[in-house]
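Written below as structure tokens is the structure these notes are about.
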Amino acid sequence: MKKTSTIVMALALIMAMTQCKKNESMVDSDNTGETVTIMLKVGNDDGSRVIVNPALGTVNFEEGDKIYVGSGGKYVGVLTHDGDHHFVGNITNPTEGQPLHFYFLGNVTPNETLDTGTTETCSVVISNQTEHLPVISYAPSNENYSSSAYTYTAHLLNKCALVKFNVTTPSNSPICITGMKNKVTVDFTQNTVTPSMDGDGDIVLCAGNEESFERWVILLPQAALEEGEEGTVHSKYGDYLGIRPAIPAITNNGYHVEGIDLTVNTKNYPEGATNGLFTINANGDQVYFSKGNLQYNGNENPQCWKFADNQWDVYGSSQQYYYGDLFCWGTSGYNHGAISYHPMSREHINENFYAYGDRQNNLFDQTGQADWGYNAISNGGNQENSGWRTPTIEEWGYLLNTRSTVSGIRWVQGRVDGRAGTILLPDNWDPTIYELNDANGGDFESNSILFDDWRDVFEPNGVIFLPPAGRWYWEQYFQQDGAHWRLLFQTGGYYWSSSVFDSDMDKVYILSFSSGSLHPEGSYRYNNSSVRLVKDHNP
């Protein structure tokens, strides 16, 4: 059998032509009234299928593959590979004296419901190519259909091209190319296969890594494309961007073996953020987390806000009046209407910490200045009102208890280089790169992560570490001369939300955790607790 360097779907034992086509196939029919059972014989010796062989450009069939059949301008049935060299199925009311038409649509389910004898068009979108390559091919039978004939032959011609890309990216998520024709419409009335663009024209390749590597994709015929703009190639979750290079004209049965280089390494996340994305509500909105807890240094002029250099860095009980990372609620430093708004305020009067002067207000109400994220943060872009904000309690809850992730893991507890804390996994966390125990539960002893693993595996993949920095709280006590207040320190993790507590507006919601426990609760505004800011992802 002569080999070719084209995409070919082998349907027979002998191939006599080297042009773009499938090998000659045989269709046997057993006419029993209106419904006809036909068998498409394939010539693979072992009946197996190989994903497109880049060296030869060939694809074989496997059990379950489907070929759609048209006749007389209508869809008339589907044939399914039986795993033993045959496609078998029923067709209804084929038209006497006209060819049968065979369509292989890459095993992608059509967007429309197909009704035999009625459906005139259908379409498939071949965007997702992370698991298999959706080859598209078509052929009419060489002979017209006849109720007295049993055998038919056809050459299935490819309506697509096989193209190699060389991808360089630090991302571990699939890579997306935009601006491509990625939709195929079958018109049974005209017996045509027409490519077009669906949405942004996405073609999604397999995941990347830090080294250049080959990825083969199926592309549909289209004119040559000029070089794109930034973002016309990107990682699936948008954390890395690149520029789509110029792409040559794609023709039927093209076989581009030289490779087209894709570089997807421009960071697309805010300054001061980690590169992980976290879904925060049922709408699918996502946020980035800051790379560390918020810190304040009042010794500098003007006052200086920054994110901790490391995710586990805390001042905790060692903070002073002029610097620290534990704050009373709404102490952003802006005079937003609260009596006490200095970042290091310490008073035991709830009323002094009302956002905008009203106990019903959340941090995000009115001007937004009660939220610490309104500040220019020196290593977070250093721009006032740049979008950093404190999560709402609903967002904390959705992120920790509801969101869907690739791994099924939303959070774990453990130790990083001996430091205890709660670990938040991004939406696209790949569980195969590091085994974690007690998903969405456990305690500080559940996972022990070495520093090198955190540096090389977890942080590059956008994982968040929340250290239990503790909190300062006021306690009332009584002596002979009356009631007094004292400031005490409590261990554990306490992270502010931006939301007022429903049942007692002297309190606001806080995320509280200790070893083996993580839950929202109400906290008096005058307690000093941690702040971890987020910024909305706007793809």
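What follows draws every value from the coordinates through simple rules; no lab data is involved. Everything quoted here is computed from the prediction, not taken from an experiment. Cβ coordinates were reconstructed from backbone atoms using ideal geometry, including for glycine residues, and neighbour counts include every protein chain displayed.
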- If the convex hull is drawn through the Cα atoms of the stretch 321-464, its volume per residue in Å³: 152
- Per 5 Å bin, what percent of the C-alpha pairs of the stretch 276-539 does each bin hold, from zero upward? 1, 6, 13, 18, 20, 17, 12, 7, 4, 1, 1, 0, 0
- Whole-number Å³ per residue for the convex hull built on Cα positions in the stretch 277-349: 145
- Query: When the distances between all Cα atoms of the stretch 144-257 are binned every 10 Å from zero, what whole-number percent does each bin get?
  - Reply: 13, 38, 27, 12, 7, 3, 0
- Counting only Cα, what are the radius of gyration and maximum Cα-Cα distance Dmax of the stretch 453-539, in Å? 17.1, 63
- Item | Filter on Lys306/Lys507; Lys159/Lys181; Lys236/Lys267; Lys507/Lys535; Lys66/Lys164 - keep pairs with C-alpha separation over 19 Å | Lys306/Lys507; Lys507/Lys535; Lys66/Lys164
- Task: With no solvent and one equal point scatterer placed on each C-alpha of the chain, evaluate the Debye formula and give log10 I(q)/I(0) for q = 0.05 Å⁻¹, two decimals.
- Result: -0.32
- Query: Once the Cα atoms of the stretch 388-430 are picked out, what are the Rg and Dmax in Å?
  - Reply: 11.8, 31
- How far apart, in nm, are two points set 7 Å out from the Cα along the Cα-to-Cβ line at Asn401 and at Asn335? 4.1
